[in-house]
Amino acid sequence: MKYAKKGLVYLLFAIPVITQLYPLLWLFLYSLKTNEEILSGSFFSLPKHFQWANYKEAYENGHYVRYLSNSVLVTAVTMIFVILLASMVAYAVSRFRWRYGNVVMLVFLMGMMIPMQATLLPLMLIFKNLKTGSFHVLDSPLSLILPYIAFQLPIAIFILSGFMRSIPGEIEESAFVDGASIYRIFRSIILPVSAPPMMTVCILTFINIWNEYIMAATFISSEKWKTLPFGVYSFVSQYSVNYGDIGAFLIMGALPVIIIYFILSERITKGMVAGAVKG
C-alpha cells in the first residue's frame, strides 16, 4: 500500500513535468528537420538526418546578435527601473500610515486589469508627438521601456508590499532611535531584507518582457532597434518559409529564459511565499 501511494504521487508529478517538457523537446526536434520532413506531416518523428546547419543559418540570417543585444538592453533597463520604483512605492504604502495610502495602492493594482492591447493606439499617438530635436520617442528603445515599466509595476508593487508588511516594525524603531533617516532605513535595512521578493520581481519581469511582441511590432519599425521576436520573420519570404530555421531561432531565443529560470527557480519560490502569512 505504501509503494502504491508513492507511485501515485510520482505519477501525479510526472504528468505536469511531461506536459511542460514535451513542447520543448518537440520544438528541438522540429528545429533539426528539413522543410520536406516538416511539410510531410511527420511532426512527432525523429529527423532522418539532424540538420545542425539550421542553427548556423538562424544565427546568421536571423540577426541573432543584434536582436539579442536590443532585447537585453530593453529588458535590463526595464528591470532596473521596475525594481527602483516598485520598491519605493511598496515601502510608502506598506510601512507608512497616511490618508491616501490605500487609494494609491488600489490605483496601482487596477493597472493589472488594463489589457496591453487597449493602450496601443493612445501610446502610439503620444509617442509620435514626443520628440526633442532629431530624437523621436517612437521607433526607439524608449518607446518600449516606458510602457513595459508601466505594465510591470502593479505586480511588482503587489509582491514587494506584501513582503514589506511582514517586516517587524521594531527594526525601524531601533534605527530611528539610533538617528537613522527614512532614506537610510530604506537603503540599508528594507532593501537588503527584501532581496528574495526583489529577485522574484526581476525574474517575472524578465520572462514577461523577453518575448513580448505586440508592443515591439507596433512601436519599432527600424531594423536597428528590433528585438529578438522579430528574428522569426527573417526566414519568411513571399514564396517560401524556412521552418527548420524558425524552430532553431525559437530555441535560441528561449534558451536564455530557460537557463535563468532553472538557475534561479528556488529564489522565485522563496520570493513568492515571503511575507505570505502577514502580507
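Relative contact order of the chain: 31 percent, from C-alpha pairs under 8 Å at least 6 residues apart in sequence.
What Kirkwood Rh does segment 67-206 have if only Cα atoms enter the pairwise 1/r average? Answer in Å. Evaluated over segment 67-206, this radius sits at 16.8 Å.
Taking every alpha-carbon pair within the chain, the share separated by more than 30 Å comes to 48 percent. Between Phe135 and Arg97, the modelled labels are 4.5 nm apart [label points 7 Å from Cα along Cα→Cβ]. Which residue fluctuates most in the GNM of the chain (Cα springs below 10 Å): Val193, Val17, Val201? Among Val193, Val17, Val201, the largest mean-square fluctuation in the Gaussian network model of the chain belongs to Val17.
Using amide H atoms built in the peptide plane, which far-off residues or other-chain residues are under 5 Å from Val241 H to H? So Val241 has HN proximity to no qualifying residue.
Calculated FRET efficiency, Asn208 to Phe28, Cβ-Cβ distance, R0 = 30 Å: about 0.80 to the nearest 0.05. Within the shell of other residues whose beta carbon sits under 15 angstrom from the beta carbon of Gly101, the net charge comes to +4, with Lys and Arg scored +1 and Asp and Glu -1.
Computed with a 1.4 Å probe on the full set of protein chains, the accessible area for Val9 sits at about 70 Å². Between Gln20 and Arg184, residue separation times 0.36 nm minus the direct Cα-Cα distance comes to 54.6 nm. Straight-line cross-link reach from Lys56 at under 17 Å between alpha-carbon atoms covers these aspartates and glutamates, not counting any fewer than eight positions away in the same chain: Asp245.
Peptides 23-34, 202-213, 174-185, 45-56 ranked from most to least packed by the mean count of surrounding Cβ atoms within 10 Å: 202-213, 23-34, 45-56, 174-185.
So, with a 1.4 angstrom probe, what is the percent of accessible area on the chain that is carbon and sulfur? Ligands and nucleic acids excluded, carbon and sulfur reach 69 percent.
Entry note: segment 129-279 has Rg to Rh equal to 1.12, where both radii use alpha-carbon atoms and Rh is the Kirkwood radius.
Rounded to the nearest 10 degrees, the inclination of helix 101-110 to the longest alpha-carbon principal axis of the chain is 10 degrees.
The mean sequence distance of close C-alpha pairs (under 8 Å, at least 6 residues apart), as a share of the length of segment 1-126, puts its relative contact order at 12 percent.
Working from Cα pairs under 8 Å separated by at least six residues, relative contact order for segment 45-195 is 32 percent.
A 1.4 Å probe over all protein chains sorts Glu172, Glu36 by accessible area into Glu36, Glu172, starting with the largest.
Computed on protein heavy atoms with a 1.4 Å probe, the accessible areas place Tyr64, Tyr243 in the order Tyr243, Tyr64, largest first.
A 1.4 Å probe run over the protein chains yields, for the chain, 60 Å² of accessible area per residue, whole-number rounding. Computed from phi, the 3J(HN,Hα) profile of segment 113-119 under the Karplus parametrisation 6.51, -1.76, 1.60 (θ = phi - 60°) reads 8, 8, x, 4, 5, 6, 9 Hz, with x in place of Gly and Pro.
The values are calculated or read from the model by the stated rules, or taken from the named source; none is laboratory data. For clarity, every value in this text was computed on a predicted model and none was experimentally measured. Cβ coordinates were reconstructed from backbone atoms using ideal geometry, including for glycine residues, and neighbour counts include every protein chain displayed. Heads up: the accessible areas ignore ligands, DNA and RNA and are worked out on the full protein's heavy atoms, side chains in. Shrake-Rupley method; radii C 1.70, N 1.55, O 1.52, S 1.80 Å.
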